[in-house]
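Here is the structure we will look at.
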Amino acid sequence: MNYKCKDVIYNVSTTIWVIGHFIDQISNALYSFEQKTKLRNVPLADFFCDKVEVNYFLWKVIQMFRIIRFYSLFFLNFSLWLALVFLLYAEPVKAQNAPGFGEDVNEDVNIDFFNPGIVPVFPDNQLPLVNIDPVVFYLDKKFATDYESYLDIPKGERINLEKAREILVKIEKAAGVKPGIIYASFIPVELDVSSSKKEQIIKRNQFELVLITAKGKPIRKTIHTASQQEIYDVAKEFYKAVEKPGDNSYEAPAQKLYQWMVKPLEDKLKEREINNLLFITDEKLRSIPLAALHDGKQFLVEKYSIGFTPSLSLTKTEYKDVKKSHILAMGASEFENNRPLPAVKKEISAISQIWNTESYLNEDFTLTKLKSSKKQFGIIHLATHGNFGKSPEDSFIEFKNKKLNLNQFGDLKFNEPTVELLVLSACQTSSGNREAELGFGGLAVKTGAKTALASLWNVDDYATFGLMSEFYHQLKEAPIKSEALQKAQIAMLKGEIWQENGKLYTARNRNVISMEVVQPKSQPLSPKLPKFTHPYYWAAFTMIGNPW
């Protein structure tokens, strides 16, 4: 019996039962009143004349309800029979979603009553627009609340589906790109696997994707091929594997994550000609190098420009062309308690050759200098250490004379006026740690910048220099910031940027730059890998906040 037929039976039986129960209660009340007043046994002559007709009427009403009560008992029995039919012919399992998700019905859910440990199968489903709106609101609010609590920032205006689509329409018109937003989250559900012998409820978190585009209905997919723990384990394996240059062990987890996070939406992405993806993900998926997800033939970055944001509610979504922005570039090569960054001077020099840049190095790289100079610049480039650890105190940006921890990021006031892009070229993030992910993902939000570009791990100095040089060249031409990063990363993975004999060769031989620096022994570049094709060298760099 299909669900539509069962729903009809169930609704009819429930309605009959409610009506019958209501009538039964009224008739019981009237019968009790009749017994107390002894209406039937009191002669009419004993009543005052003005009350005779009233009492006779009440007696007639009671008689009528007595008849109705008799038939209501029949209705009650009939409704119980219908409910029994419903229970006998219903499927053994029905998913019951969390509040706000009740309209999503998964059909053909299978489970073995004799082996309830088997994970049930949830088919993919596409929900109509009216059903998915509360889902978008719920997810964005959930993620925004996580960051607001950790970063200690004021609550922002919440985003619903209508507002999200308005944002995408504006970006599409202003920048000429086709953006799509992907929410990747774990949703709590309860599975009733009770049998005639045993009542049992299984609680689990199922992985779901929601795709929003400027045009076309939003898509919601339930991923049933992996448990929450399996996805966590693969994400952790992927992060660790991709940090090993020369080792291709990252390929298997990269392909698995692609199958779970992108593949279910691939047809719609192609159909709608989407070329830019903004990911909003659940915890333990916020620090994976999304650019290096792999479909078996290509990296994700070869097909889409990519961004990550903690929540749409916390993102400054206005579009502004940054091609005419001026750059404030600052950094240091030596640090008292941290590893040296020998390529910083060359990195900032290369940026100065591409853009109108004001720069400060080493002893001039101070927090005071940054605060006094920032108002003139739309882009701020900090070639220094950034760390995102297990607490706000362990998360910091390092200046020459001090460390600025996460709780003090707000003092930078990059929203007065708005800094369009903040670049941190040498960051490190603790993989899979919730607090570290919140610090990394909240970098733009906490500092007040519209967008931040930062790395997930400490990248080889030559590679960082090469990628940053190409990124700023592309930023002069690309319509959006994430596309500039995409093109720089593609140039790296295709071997168009490489080092040889102390020289760095950039994309299409545009520049040959002498590298008069010594690579630290802690980060030796393998002589077998003169090119930076491995994702270790380019996938760490992540566009956070507004990718447009």
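No value in this document is a laboratory result; all are computed from the given coordinates. Treat the numbers as computed from the prediction; the structure is a model and nothing was measured. No Cβ is skipped: glycine too gets one built from the backbone with ideal geometry, and neighbour counts run over all protein chains shown.
Okay, here's what the table says:
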| quantity | calculated |
| --- | --- |
| Highest-first arrangement of 279-286, 363-370, where packing means the average Cβ count within 10 Å | 279-286, 363-370 |
| Relative counts (whole %) of C-alpha pair distances in segment 372-440, using bins that are 5 Å wide | 4, 17, 23, 26, 19, 8, 2, 0 |
| R0 of 41 Å, Cβ-Cβ distance ALA252-GLU500: FRET efficiency to nearest 0.05 | 0.85 |
| Entries of LYS142/LYS403; LYS244/LYS316; LYS297/LYS487; LYS316/LYS369 with Cα pairs more than 28 Å apart | LYS142/LYS403; LYS244/LYS316 |
| Residues with amide H under 5 Å from that of MET543, placed H, sequence gap 5 or more | PHE308 |
| For segment 261-407, projected area of the alpha-carbon convex hull averaged over all directions, nm² | 11.9 |
| Positive minus negative residues near PRO417 (Lys, Arg vs Asp, Glu; Cβ under 14 Å) | +4 |
| Per principal axis, descending, Cα span of segment 138-245 in whole Å | 61, 44, 34 |
| Gain in span if fully extended, GLN376 to THR418, counting 0.36 nm per residue against the direct Cα distance | 14.1 nm |
| Packing rank of 307-316, 202-211, where each peptide gets the mean count of other beta carbons within 10 Å, highest leading | 307-316, 202-211 |
| Set LYS141/LYS284; LYS236/LYS413; LYS221/LYS263; LYS178/LYS303; LYS284/LYS400; LYS178/LYS450 screened for pairs whose C-alpha atoms are more than 22 Å apart | LYS236/LYS413; LYS284/LYS400 |
| Gained length - SER349 relative to VAL169, 0.36 nm times residue gap less alpha-carbon distance | 61.0 nm |
| Sum of side-chain charges, ASN407 neighbourhood, beta-carbon under 10 Å (Lys, Arg +1; Asp, Glu -1) | -2 |
| Table column - 3J(HN,Hα) (Hz), segment 282-299, Karplus curve with 6.51, -1.76, 1.60, x for Gly and Pro | 7, 4, 6, 10, 8, 10, 8, x, 4, 4, 8, 4, 9, 8, x, 10, 9, 6 |
| Dimensionless Rg ratio for segment 327-545, taking C-alpha atoms and the 2.2 N^0.38 Å reference | 0.95 |
| Kirkwood-type radius of segment 192-262, with distances r between different C-alpha atoms, in Å | 15.0 |
